[in-house]
Amino acid sequence: MKVEAEQYGDRRVYTVSAFNRGVAGWLARLPTVWVEGEVTELRRQDRWQSVFFTLKDPSDGSCLPTSMPRGQFDALRLELANGERVHVFGRPELFEARGELRLRALSIERFGLGDHLAALERLKQKLAAEGLFERRRPLPRFPRKVGLLTGNDAAAKRDVLTAITTRFPPARVVVAETYVQGPRAAPALVTALRDLCAGDGVDVIVLARGGGSFEDLLPFSDERLVRAIASCAVPVVSAVGHEQDTPLTDLAADARASTPSLAARLVVPDADELRERLNQTRSRLQRAPLHLVERKRARLDGSYGRLRALSPRATLERGYAIVRHGGRIVRTGADVEKSSRVDVELGEGGFGATVEKTR
Amino acid sequence: MSDTGSESSEVTFEEAQKELERIVQQLESGQADLDDAIKLWERGEELHRLCLEKLDSAQGTIEALKPAEPA
């Protein structure tokens with residue numbers, strides 16, 4: 001295809017139309033390929049010639065406008081809905097009037113259960129290799145606040161709240177309700193998780209979801225959510241009901257609980273146990289001063305006994321006497337001389353005397 | 001023990017419980033002298049009361065985070 005350009009001096013200038021036509025021609029030479037993504041913004045009307053939707057990359061939200069002739073689309077009988085994963089066989093095409101790139105679909109296949117499982121397994125291997133499943137941070141024993149991230153499916157929320165407040169009535173819980181199912185669930189869960197983390201005083205977060213089918217629980221294996229949990233500033237407990245396939249949130253969380261009451265046990269202390277322990281401590285506290293006084297008294301009694309034993313009084317009582325001369329104790333005969341006045345102290349009373357003879 | 005009596009309202013249950021148990025151990029070890037023992041005991045009683053208050057009267061709260069905007 002030849003694209004004409006105008007010559008302005010040494011500059012070749014294309015019209016928009018010519019430019020678009022040129023790019024379109026170049027794009028048309030690219031091969032047909034398979035592209036995987038999530039269907040969003042699906043628009044189909046009987047009076048339109050084509051069906052339009054946007055293919056979205058679930059990992060980073062990259063978008064690709066896609067179109068398919070309505071007749072072909074209807075003939076596939078896919079009954080596609082927004083949020084479904086598909087493989088689209090097609091080739092890039094420029095919508096010349098608007099200069100927009102889009103994928104012209106020749107065929108669409110729904111991403112089957114087997115594909116989901118295989119994709120999940122690949123994701124699991126990848127995230128495991130990055131070390132995202134090795135976080136086991138200790139949970140706080142007394143969280144200031146518990147963040148509860150749950151769906152608006154009343155049962156899961158109610159069960160966890162009841163379990164927490166029964167075990168620990170003073171618990172303070174911040175509840176974030178969000179989508180837990182469908183294509184909007186994963187990004188909504190990520191946002192709610194971040195909001196909870198940013199909340200004042202939230203020390204631990206419980207991610208609760210009642211059981212569901214494999215497809216229902218897919219958001220809980222979404223790469224964005226798994227990464228958000230692994231990088232969450234506060235510890236996360238995954239309480240996602242499941243039977244066989246473990247959602248990846250379970251692996252990325254710091255702890256996992258298979259039931260609401262187990263989740264409650266992980267995040268709040270047992271008020272009854274605390275009260276019991278407090279009672280025991282109180283009893284010890286009340287006994288302690290008495291014990292202390294008894295011990296001090298016993299020690300005092302011991303000291304007094306030893307003091308008495310050392311006292312000369314006890315010796316005197318056994319028949320000894322102390323002889324003093326001029327206020328000093330007479331220890332040898334040389335301390336006195338004939339006619340010295342001495343004072344004799346006995347166990348009881350005493351007397352004065354005069355020395356007759358020294359030895 | 002440096003903050004005896006002060007900032008009681010700021011103390012968390014966990015801190016109060018830990019301090020209470022430390023005081024009891026200190027008293028039971030018999031190492032405190034009598035004057036200190038009285039102070040320790042008074043502090044212990046205060047902490048016990050504080051813990052009970054926190055356990056009993058603290059009404060649990062359940063608040064809703066503002067709904068997260070879906071992406």
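The values are calculated or read from the model by the stated rules, or taken from the named source; none is laboratory data. Everything quoted here is computed from the prediction, not taken from an experiment. Cβ coordinates were reconstructed from backbone atoms using ideal geometry, including for glycine residues, and neighbour counts include every protein chain displayed.
For A:G99, only one of the following conditions fails: (1) within 44 Å of the chain's Cα centre (by Cα); (2) surrounded by fewer than 17 Cβ atoms within 10 Å (Cβ to Cβ). What is its number?
Among (1) within 44 Å of the chain's Cα centre (by Cα); (2) surrounded by fewer than 17 Cβ atoms within 10 Å (Cβ to Cβ), the lone unmet condition for A:G99 is (1).
Taking the stretch A:325-351, which residues are surrounded by 12 or more Cβ atoms within 10 Å (Cβ to Cβ) and either under 15 Å from A:R313 (Cβ atoms) or among the hydrophobic types (A, V, I, L, M, F, W, C) (or both)?
Result: A:V330, A:V336, A:V342, A:V344, A:E345, A:L346, A:G347, A:G350.
Listed here are the residues, each with its yes/no results for (1) touching a residue at least 60 places away in the same chain (Cβ under 8 Å); (2) under 19 Å from the mean Cα position of the chain (by Cα); (3) more than 23 Å from A:D245 (Cα to Cα).
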site: A:V174; (1), (2), (3): no, yes, yes
site: A:E177; (1), (2), (3): no, yes, yes
site: A:A198; (1), (2), (3): no, yes, yes
site: A:R209; (1), (2), (3): no, yes, no
site: A:S213; (1), (2), (3): no, no, no
site: A:S221; (1), (2), (3): yes, yes, no
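May I ask you to list the residues in the stretch A:279-328 that are among the polar types (S, T, N, Q) and modelled with pLDDT under 80? Show your work before the answer.
At the first step, the residues of the stretch A:279-328 found to be among the polar types (S, T, N, Q) are A:279-281, A:283, A:286, A:303, A:311, A:315.
Selection gives A:S311 alone.
Which residues, counting only those in the stretch A:105-126, are acidic (D, E) and farther than 28 Å from A:P69 by Cβ?
Restricting attention to the stretch A:105-126, the residues satisfying the condition of being acidic (D, E) are A:109, A:115, A:121.
Passing the criteria: only A:E121.
Pick from the stretch B:33-44 the residues that are closer than 21 Å to A:Q280 by Cβ and within 7 Å of another protein chain (Cβ to nearest Cβ): which of them is modelled with the lowest pLDDT?
B:A37
Would you be able to tell me the number of residues in the stretch A:223-260 that are within 17 Å of the chain's Cα centre (by Cα), at pLDDT below 90 and of a type in the set (S, T, Y)?
Qualifying residue count for the region: 1.
Taking the stretch A:42-96, which residues are closer than 19 Å to A:R110 by Cβ, of a type in the set (D, E, K, R), in contact (Cβ under 8 Å) with a residue 40 or more places away in the chain and not in a loop (DSSP other than H, G, I, E, B)?
A:R85
All but one of (1) surrounded by 17 or more Cβ atoms within 10 Å (Cβ to Cβ); (2) modelled with pLDDT of 75 or more; (3) within 28 Å of A:P140 (Cα to Cα) hold for B:D56; state the number of the condition that does not hold.
Just one mismatch for B:D56, condition (1).
Residue check: is A:D159 within 20 Å of A:R265 (Cα to Cα) and in a helix (DSSP H, G or I)?
yes
Among the residues in the stretch A:23-32, are any under 25 Å from A:F220 (Cα atoms), exposed (fewer than 15 other Cβ atoms within 10 Å of the Cβ) and touching a residue at least 40 places away in the same chain (Cβ under 8 Å)?
no
Given the condition surrounded by 15 or more Cβ atoms within 10 Å (Cβ to Cβ) and part of a helix (DSSP H, G or I), answer yes or no: does some residue in the stretch A:125-138 qualify?
Yes.
When you check B:L47 against the structure, is it modelled with pLDDT of 90 or more, facing chain A (nearest Cβ under 10 Å) and not in a strand (DSSP E or B), yes or no?
Numbers: modelled with pLDDT of 90 or more: yes; facing chain A (nearest Cβ under 10 Å): yes; not in a strand (DSSP E or B): yes.
Judged against the criteria, B:L47 is a match.
In the stretch A:167-189, what residues are buried (at least 21 other Cβ atoms within 10 Å of the Cβ), small (G, A, S) and more than 7 Å from chain B (Cβ to nearest Cβ)?
The answer is A:A185, A:A186.
If A:S283 satisfies all but one of (1) in contact (Cβ under 8 Å) with a residue 40 or more places away in the chain; (2) closer than 27 Å to B:A16 by Cβ; (3) of a type outside the set (D, E), what's the number of the condition it fails?
All conditions pass for A:S283, except number (1).
Any idea which residue in the stretch A:33-61 is surrounded by the fewest Cβ atoms within 10 Å (Cβ to Cβ), counting only those that are among the polar types (S, T, N, Q) and in contact with a strand residue (DSSP E or B) (Cβ under 7 Å, 6 or more places away or on another chain)?
A:Q49
Check the stretch A:24-31 and report whether any residue there is part of a strand (DSSP E or B) and assigned by TED's automatic domain parsing to the domain that holds A:L101.
Scanning the stretch A:24-31 turns up no residue that is part of a strand (DSSP E or B) and assigned by TED's automatic domain parsing to the domain that holds A:L101.
Which residue, of A:L42, A:L30, is modelled with pLDDT of 90 or more and under 28 Å from A:T15 (Cα atoms)? It would help to see each step written out before you state the result.
Numbers: A:L42 fails: under 28 Å from A:T15 (Cα atoms).
The match here is A:L30.
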